Each structure stands twice: as structure tokens, then as C-alpha cells.
Amino acid sequence: MMKPEKTIKTIRSSPRLKSIEYAIRDVVALAQKLESNGKSVTYLSIGDPPKYFPTPRHIKDALIKAVNEDQNYYFDSLGLPELREAIAEKENKINKIPITMDDVLITEGVSEGILFVQSALINANKKDELLIPGPSYPPWLSFTNFYEGNPVEYRLNEENNWQPDIEDIRQKITENTRGILLLSPNNPTGVIYSEKQLKAIADLAGEYQIPVIADDIYDRYTYDKKFISLASVAKDVPVIGLNGFSKTYLMTGWRLGYLYYYDPEHYLDELREDIGRLARIRLCASSPAQVAGVAALRGPQDHIKKVMQQLRERRDYTCKRLNEIENIECKVPEGAFYAFPKIDLGDRWKDDKEFIIDLLNTKQVLFVYGSGFGPKYGSGHFRVVYLAPIPILEQAFDKLADFMKH
């Protein structure tokens, strides 16, 4: 007797995964397909400083020493006490944030910190809202959707060099608002929120009794305008801060970041306890990397100035070249290492994503489409990463200029 033929059953994934998008990495897959066909692609799409600036020797030595001395076991889930103390010292001294080591939690990069914050704030009911700058770093949008919340973009005003529109924030606060996100210096625009705007946002948060989330990862990447932390002007408004070692200390692949809580009135006690519970279930961040993080904070800092000198030249060159190309207009970034030019799509492309793909296929130059940083305020733009040396930038912009002519 013959056995019945087996029917292959498709295993369905959770619908929440369908909401995950990450434009920065999604376009890389398209570039890799070209490379598999023998094409050479110029990547100006991923913000990975160690590709062009080496990790300082003393940080690498600290990691190697930690591994060789067998510091390869699980650390405390909150993080190495010495590292948490060094972070508190840094935030007090440089960013004027009055916190202690007890206010610091070590994470596997800022990305894990985003996940922690979203899991604590957003309930799966599609009602909880997070006010997110438009445009903004894509995971903030995607993780809000992943937790079945509602990301609400507030306007960064391009005509005012991308400063936040305070009245727009006020109009978008509802009874479902769970927090206001700041990303300063901003990815992708490079804007640094002014002290006036920060105080206005803190006042709004206090008025409506909602916390502020401050993504400070580019705090040391500034040019002429100084970074000011919201927590330094927040008074009694609770602030959940995120920062890390990837950018400033050229440690992107080491996956080391942290959360800090500024909470003088103890509004965040329950949230802190629950995030701590989540940190325990994932065990800990990389132990040797944490040891190296102490060396990064307490060792020589001279590499920062050298990196910023080179980035200033690359920023100025990038903005000059972009603004010379017809139908492209670019504001000068105040921080980070991104430019976010506006493009007149005309009748040639239906949207900014189609423009990016056409440029990639025609000239093998890869940027990121602006709508990936927020559909409302990112559309009609594209993001340029100017970490590469000027000869590489020159070649890419020459190709872009020729592409726009034809």
C-alpha cells in the first residue's frame, strides 16, 4: 500500500516581523548583487568610522589583555562596575549630566538600548505612540512598529537647518504619547538641537508628564556648534539617554553601548527595574569589550580631534560638491558624518528610492534613500556618508554629477 504524499506546510513567521525595515542595510543587498556580477560599487551608505579611522592602539591592547587574562566569563548584567563608573564620570564632566554609576546600564551597542527602551515603553495595542524626529535613524521607527506601537514623526524644519518644530511636537502630543525622542546630532541630517529648542522640549515633556529619550551617540562628533545634552537642562523631567563606543571610540564591531537615567524625581523607578530584568535574561554585554571600554574612556582622547579635523574637510567638500549639482540642495551638517540633500525628482523618478536604485545600477554609487529615515519628512532626499577620503568622495560625486545631467 502506497503512503500518501506529504504536503509541504509553510511555517509562518510572526506578523510583527513584517514591519521591520532598515533602509541602510536593505540597499546593501542590491549592491552586493551587482558585485556578484563583477561590478565595483562605491559605498557611501553605512556610517562605519573604523573602516577609515583605526581603533586607537590602547583600546585594542586593553581588549587583547582582557582576553589573555581570561576575563571571558559573564559579567554582571548591569555591566562592569568600573565601566559604569567611568561612564558616569564622562557624562558629568563632558555633558554636564549629574548621574552616578547606579544610573548606567551597559548594552550591546545602542541598538540593544533602543530595543530595551521600546520594549519598556510601548504596549502591543497600536495606541501607544512615540514622537520621533522626522527624519530619524530607522530602528526607532521599526522597533516602535515591531512592538505594535505607533511611531509619530515630528517635523525637523529643513528651512531652519533642520531644527525641531516645537509647535509641531505640541500638536502631536496625545494621551497615548509615551515619550519624545531626540537624536542630536541627528542621523541623517547632522543637526544639533539648540539649547533654546532643548529647553522648549523639556518644558513640553514636563507639562504633559512624559519622558524624553535622548539618543546621544554622536555627542563628540561636532564641528562649530557644541552638543548640549537635554538632561543638562531638563530640571525635573525624566530622561532616558543612550550612548556608546561605536562612533567616538571607533569600536562599531565591538557592540558596546549604554543606557543612562536622569531622574531626580524617581519617575522612572518601575521602568528601570523592568529594563534591568530584561538585561538579566540576555545575560550581559561582551566582557572583554567592557574592559576595553574603561581604557577608551580613561585613556588618551587625542584621536577625537584628529578624526574631526579630517571629517570637517570631508564635510565641507561634500556640501560644496552636492550644492554645485543641478537639482540637488544640501544644508551644512553641524555634527555626525552625514549629509541629507534634497533632490528634485521631476518626472524622471517616482520617488527617492527609485532614484537611489537607478544611480546604483547606472553608476555603481550607493547612497541611502531618504524615505527610509521617515516617510513623511525624509522623502525627496538621500543620505550621504562622508567618512571616506576626499579622492573617493570626488569620484562618487563626479559620477553623481554626470548621472544628473543625462
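Within the chain, what percent of beta bridges assigned by DSSP are antiparallel, to the nearest 5?
Details: 20 of 39 bridges.
Of all bridge pairs located within the chain, approximately 50 percent are antiparallel.
Using each residue's phi in the stretch 265-274, evaluate 6.51 cos²θ - 1.76 cosθ + 1.60 at θ = phi - 60° and report the 3J(HN,Hα) Karplus result to the nearest Hz, with x for Gly and Pro.
Residue by residue, the stretch 265-274 yields 9, 6, 6, 9, 4, 5, 4, 4, 5, 6 Hz.
Only Cα pairs under 8 Å and at least 6 apart count here; give the relative contact order of the chain as a rounded whole percent.
Working: 774 pairs, mean separation 91.8, N = 406.
RCO, the chain: 23 percent.
So what does log10 I(q)/I(0) come out to for the chain at q = 0.08, 0.14 Å⁻¹, using the Debye formula with one equal point on every Cα and no solvent?
-0.44, -1.32
Starting with the highest mean, order 35-46, 381-392, 318-329 by the number of other Cβ atoms within 10 Å, averaged over the residues of each peptide.
381-392, 318-329, 35-46
For the ranges 60-69, 253-262, what's the packing order if you count other beta-carbon atoms within 10 Å of each residue, average per peptide, and put the highest first?
Working: 60-69: 15.2, 253-262: 23.4.
So the order, starting with the most tightly packed, is 253-262, 60-69.
If we count every other residue with Cβ under 9 angstrom of T248's Cβ, Lys/Arg +1 and Asp/Glu -1, where does the sum land?
Working: positive: R220, K247; negative: D219.
Net local charge, T248 excluded: +1.
Provide the net charge surrounding E265, with neighbours chosen by a C-beta distance below 12 Å and charges set as Lys +1, Arg +1, Asp -1, Glu -1. All intermediate terms of the calculation are to be shown ahead of the outcome.
Working: positive: K235; negative: D236, D263, D269.
Net of charged neighbours comes to -2.
How many percent of the alpha carbon pairs in the stretch 162-236 exceed a separation of 18 Å?
Numbers: 986 of 2775 pairs.
Here the long-distance tail beyond 18 Å is 36 percent of all Cα pairs in the stretch 162-236.
Contour minus end-to-end for S119 and L278, with contour as 0.36 nm per residue of separation and end-to-end as the Cα-Cα distance?
Working: separation 159, 0.36 × 159 = 57.24 nm, distance 0.91 nm.
Answer, rounded to one decimal: 56.3 nm.
Calculate, in whole percent, how much of the Cα-Cα pair population of the stretch 57-298 lies beyond 27 Å. Let's see the in-between values first.
Details: 9288 of 29161 pairs.
It works out to 32 percent of all Cα pairs.
I'd like the distance between the alpha-carbon centres of the stretch 305-354 and the stretch 242-280, rounded to an integer number of Å.
If you average the Cα positions of each part, the centres end up 32 Å apart.
Values in this text are rule-based calculations from the coordinates and carry no lab data. Quick caveat: nothing in here was measured; it's all calculated off a predicted structure. Virtual Cβ from ideal backbone geometry, glycine too; neighbours counted across all protein chains shown.
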